[in-house]
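Have a look at the structure below, then the notes.
The values are calculated or read from the model by the stated rules, or taken from the named source; none is laboratory data. Computed from a predicted structure; not experimentally measured. As a convention, Cβ positions derive from the backbone with ideal geometry for all residues, glycine included, and neighbour counts pool all protein chains shown. Keep in mind that these areas ignore ligands, DNA and RNA; they rest on the heavy atoms of the full protein, side chains included. Shrake-Rupley method; radii C 1.70, N 1.55, O 1.52, S 1.80 Å.
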Amino acid sequence: MEKEITENGIGIRILCRRLVILKKESGIQWLIGSPFFPSLTVVSTLRCLHALGSDSLSPDFVEESDDIISLLPKGFEVIGALIADDRNDMKIEKIVGNAISLVRKLRKSLYSIDNDSQVLIGAVIDLKNGVGERDVQFYMSRAGKSDSVEKVDTILYEDEPEKFVWDRGCIVRCELPLRLPLYYHQNTKDVEGMYAQAVTNVVCKFKDPQVTYLIEAHNSHSTGGPQPIVLHGTELNQLEELPKNAFSTETARESTAKSLTCSYFCSETKDTAPFTSVEENADKILVNILFNRSRNSLKPAAPIAEYYPATEGAKLLVVNHKLEVLCYAAKELSLMDAVSKLLIPALVDQLHSLKNKISSSLLTEQPKLLPFHFMPSGFLHPITVLYELSYGETEMKQVEVRRSLHLRLGLPFDRPLLRIANAISLSRTKDNSMVNSTQKGSSLLKDVHHGILSSGVSGGFVSLVQGSYEYYHYLQDGFDDSGWGCAYRSLQTIISWFRLQHYTSIHVPSHGEIQQALVEIGDKDPSFVGSREWIGAIELSFVLDKLLGVSCKVINVRSGAELPEKCRELALHFENQGTPIMIGGGVLAYTLLGVDYNEASGDCAFLILDPHYTGNDDHKKIVNGGWILSWLDIRAKNCGSFLPDSHRDRKWRAERGF
């Protein structure tokens, strides 16, 4: 790819899977690149959200820069702007010139750059003539030539963008807990000023001569890997140029640390397996920060406690913060530059972002602001979000924060992708193993419908549950719910789907916890907890709303004969929402996993998961025994309780929500 660009002249390389996220309304998208990539390489795009007044093409650069600094990892930067507009009264050169001008102003706000030497991209798409990737027209502004733009006709779309990004670079991670004691006069109101001064003091310590940075491989499991490296505050920013080659020996002393590059901690073998996640595939470096007061002292010293008596009444307020930053560094970048030019600025920016989000009233209430890292499907790099945990995930303020992020990142609104359960986890346990919530714990059977033969509907279109779920049924976990717990088990299967898709971090509730939730919302009396009473579709919807904040739809049919009439609606649900559906009628409840529907003939079949099974979790036994009823033809005589002349009221329910 690089050779092709060189031979054909200047070209723009597109790595992101989806470039245009503005489809219907005018607006601006910021194009993101990296100083470690060839010029004019676009790795992602962010929608501009903050505008001055009602003009979507006039950004509020202060608000935009505050958001982007918090969101974007160091190692990535804004390199261009794409303007989507439907006004034909302006010449394209003027629109492109405006795009370049906006980028320069944003970069000045972000990086305090006056004479920007970066080659920048200006792009435009006419909403009236098409909104596809190929409809974008690209221009560039060369370094030092802000008054002229050149059209770029060579556009290359990378075939393996994940390998492009992670073969070249690695993650540099640092987690730093901070405890900021604020002593102030009991009558003063300037708590916020004291807090700001405490933050400034912390920032000054990052390059203090007594600070030590201990650098090690993030996923080192044995003593045979590269040894940790130590950098001191006095050694930072001492080299003017980056080293040409990485240091190749297995061990190193402190005196050689400045010569090492990030590749010292990276895998030497090329991973030919498909890229699945940052946790699994990306090289990662961990940096720990230590404050060494005894370094260079002439003789051993013990800790000293100093006493300063207060002349008047004073108060103590302790503010606890947890910083956690991820940076993207080229593997050939020196460790010293990775710390001084990426890690320290990232820590400073995150600390300032925390400070800007905390008011004086929140200070006294002990704020619970924490950083979380996400890598939504289609994104090639992590993004970082600060969440106020005291809200709770379903509180409306938190919902609006996530909705705004979905809008900026171009994510769909029909599913939650930025809840805490969606966050990537790069923390390590005591035995150096990686924490991965999706791999812990459950031994239940998953996705038991895989391998089921087709339904036999001629010309039908199959729509199935999207993603994984766990099969819950009678007598699991040693709990006897035979005869009354089928709807509870169906609900557990549905909640397991939300867990396995990282849409929630709550555990799958027990029967008692389901009952308690219904009591807490006032739907049931306290005596309901611990009973063997049935629940139905309405109760399930209440529980999902209470525990997950998920809205539900209930569809009523008068008899089994009417079920085929709902097949098209159910097929659309599986195509657009993808969750399992609980079906209940009379005294029975089942879980619907898919439909096979011929829209022309009206023929249909339903894939039913039966919670009434009471045996061991043996997949072969379950399938062969018919406990998954395979594809059920409602009109067939062997469909048992689903016979068309069964006139029990049935409630289908579909889960969906942001």
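Points worth noting:
- Per-pair calculated FRET efficiency, R0 = 30 Å: residue 551 and residue 475 via Cβ, rounded to 0.05: 0.40
- Which of 548, 407 is most accessible, then next, and so on - probe 1.4 Å: 407, 548
- Using a probe of 1.4 Å on the protein chains alone, the accessible area found for residue 553 is around 80 Å².
- Scalar couplings 3J(HN,Hα) for region 545-559, obtained by applying the Karplus form with A = 6.51, B = -1.76, C = 1.60 to θ = phi - 60°, are 5, 5, 8, 10, x, 9, 7, 10, 10, 10, 10, 9, 10, 7, 7 Hz; x denotes Gly and Pro.
- Distance histogram in 10 Å bins (all Cα pairs of region 33-145, percent per bin): 13, 47, 35, 6
- Extension gain, residue 55 back to residue 207 (0.36 nm per residue minus Cα-Cα distance, nm): 50.5 nm
- The simple spin-label model puts a point 7 Å past each Cα toward its Cβ; for residue 532 and residue 510 those points are separated by 1.8 nm.
- Estimated D of region 35-88 in µm² per second, where Rh is the Kirkwood radius over Cα pairs and Stokes-Einstein applies at 20 °C, 1.002 mPa s: 166 µm²/s
- Packing around the peptides 329-339, 206-216, taken as the average count of other Cβ atoms within 10 Å per residue, puts them in this order, highest first: 329-339, 206-216.
- Fully extended contour minus Cα-Cα distance, from residue 445 to residue 413, at 0.36 nm per residue: 8.5 nm
- FRET efficiency estimate (nearest 0.05) - Cβ-Cβ, residue 624 to residue 318, R0 56 angstrom: 0.35
- Theoretical FRET efficiency, 1/(1+(r/R0)^6), r = Cβ-Cβ of residue 308 and residue 18, R0 51 Å, to 0.05: 0.30
- Accessible surface of residue 631 - all protein chains present, 1.4 Å probe, nearest 10 Å²: 40 Å²
- Cross-link pairs exceeding 21 Å in C-alpha to C-alpha distance, out of 355/546; 24/163; 355/397; 151/331; 524/546; 94/128, comprise 355/546; 24/163; 151/331.
- Full-stretch length increase - residue 135, residue 151 - with 0.36 nm per residue and alpha-carbon distance subtracted: 4.4 nm
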